[in-house]
Structure formats: structure tokens, C-alpha cells
Amino acid sequence: MNAVTPRERVSQLVTELGVARNRDFKRAGIHTQYVGEACNAGLIERVGRGTYALSGHIKTPQQRIAEACKRVPQGIVCLFSALWFHGLVEKEPEAIWMAIDRKAREPRVDSVPIEFVLFSGDAMTQGVVNLRVGGVPVRVYSPMKTVADCFKYADKIGTDIGPKALAAAIRGNQYNRQKLLRFAEICRVKRAVAAAENARKQPEPDRPTKEAEIV
């Protein structure tokens, strides 16, 4: 049986992780010389500073999120990207929206576009869902935390996004009022969320008849 070559070990590790960084190779006992050789042989390709993926790979939206989380492990997927992740919007945002601590230095990332948003306190730490995408740890805010965040950051993303996110959560059976109000209180937008909920309960005004429209 043929022994696995160092280049093949590099390729196997990248296949296993989806996106591998220099420190992943170091942990696996693979010298950076073999990473370079694997690149030159066309087995893997450099997708960012110290970040590698299989050659010719096509990034799916979730792989882009995983790559962003690989580059910024302390970040949390938020706002438009979290809405997309939970199926509350159909269009994938061009950049990955990611929350980082207000006191943290903004990371430099060149492999995937990231829109950083500053969070702090309980608004940063609460409502986080931990999962894995392609073997990569991903942290993303829950649907109800994301809806509350859309109201909190209305000045940044638009005042219409919060009500639309709320409506999408209700349609998608992801609405939980108790959780939403808890996160709304943390984000200090409880009044705005309650107003949006009440607005949805109001009956729609009667549409004018064709005769009335003509007049």
C-alpha cells in the first residue's frame, strides 16, 4: 500500500476542513513547504492571506459564511447575513455581515468581503447559535435575536428592514414572541418591536372601488 505523500496530506486536510489556514497545517504537523508545493501542483489554491481551499472550488453562500468565520473566529454572523442564513430573505447579501466586539480591532480580511458591525454587552453575547458548516465552527444570531437587531440597527440598515424581518419570521413559522421581546429588551427596542407587532394586527384599510378610483 502506497504511503500518503505530504502533498496529499495537505489536500486531505483542506478537503476535511473546507477552508484551511496555516495554523491548521501546523497543528496537523504539516510543514508550510508542502503547502506551497501543493499550491504549485494545483491541488489547492490560496484564497486569502494564509487561507487555502481546493483548486477550482466554487464557493456556495454557506461556504462564504464559513470562510468568513474561519478568518474571524470571534465574529458572529448578523443582520442581513443572519436573515439570509435563516431563510428570512431570499437574496444573499454581497458581503458577510458580522458582529464584532466594540472594543476589538477590525480584522483585515481579503478573501471574502465582510461588513463589520460593532456590538457590545448582552447585545453581543446573547442569542448566539453555534453550529458547523463544512467542518468550520460558525456562530450566527438566532432568528429572533436577528429580528431585534434589525430594529436596533435601523439607522444603519434601514427602518423598513425590522418590520419586514418580523413579517418573514411569522410567515416562516420562526416567530416566538417571548424570545423576541426578551431580545428586544436587551437591544432596547422593545417599544419599536411592539409597535411593529401591533401594526400587523391592525386591519388593512378598505381598498377603493373602481368607481371611487375614477371619481
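A short reminder: the numbers here are calculations on the coordinates, not readings from a lab. Since the model is a prediction, treat every value here as computed from it, not as a measurement. Cβ atoms come from the backbone with ideal geometry, glycine included; neighbour counts cover every protein chain shown.
Suppose we take every Cα in region 6-54 and form the convex hull; what volume per residue is that in Å³?
Working: hull volume 2.8 nm³, N = 49.
With only Cα atoms used, region 6-54 gives 58 Å³ per residue.
Looking at the chain alone, DSSP beta bridges between its own residues are antiparallel in about 65 percent of cases. The H on the amide N of Val77, modeled in the peptide plane, is under 5 Å from the matching H of Ala99, Arg139, Val140, Tyr141, each at least 5 residues off or on a different chain. Charged neighbours of His86, selected by a Cβ distance under 15 Å, balance to +3 (K, R count +1; D, E count -1).
The amide H of Ile44, built 1.01 Å from its N in the peptide plane, has Cys39, Ser55 as neighbours under 5 Å, considering only residues 5 or more places off or on other chains.
Taking 8 Å as the Cα distance limit and 6 or more residues as the minimum spacing, I'd like the relative contact order of the chain as a percentage.
Numbers: 293 pairs, mean separation 34.0, N = 215.
Once normalised by length, the contact order is 16 percent.
Specify which labelled value, from [x] 18.0, 55; [y] 16.0, 47; [z] 22.2, 88, agrees with Rg and Dmax of the Cα atoms in Å derived from the coordinates of the model shown. Here the calculated entry is [z].
Under a Cβ-Cβ cut-off of 12 Å, what is the net charge of the residues other than Ile161 that fall near it, where Lys and Arg count +1 and Asp and Glu count -1? In short, 0.
Taking packing as the residue-averaged number of other Cβ atoms within 10 angstrom, the listed peptides 180-189, 4-13 run from highest to lowest as 180-189, 4-13. Which net charge results when you count Lys and Arg as +1 and Asp and Glu as -1 among the other residues whose beta-carbon is under 14 Å from that of Val129? Combined, the nearby Lys, Arg, Asp and Glu give +3.
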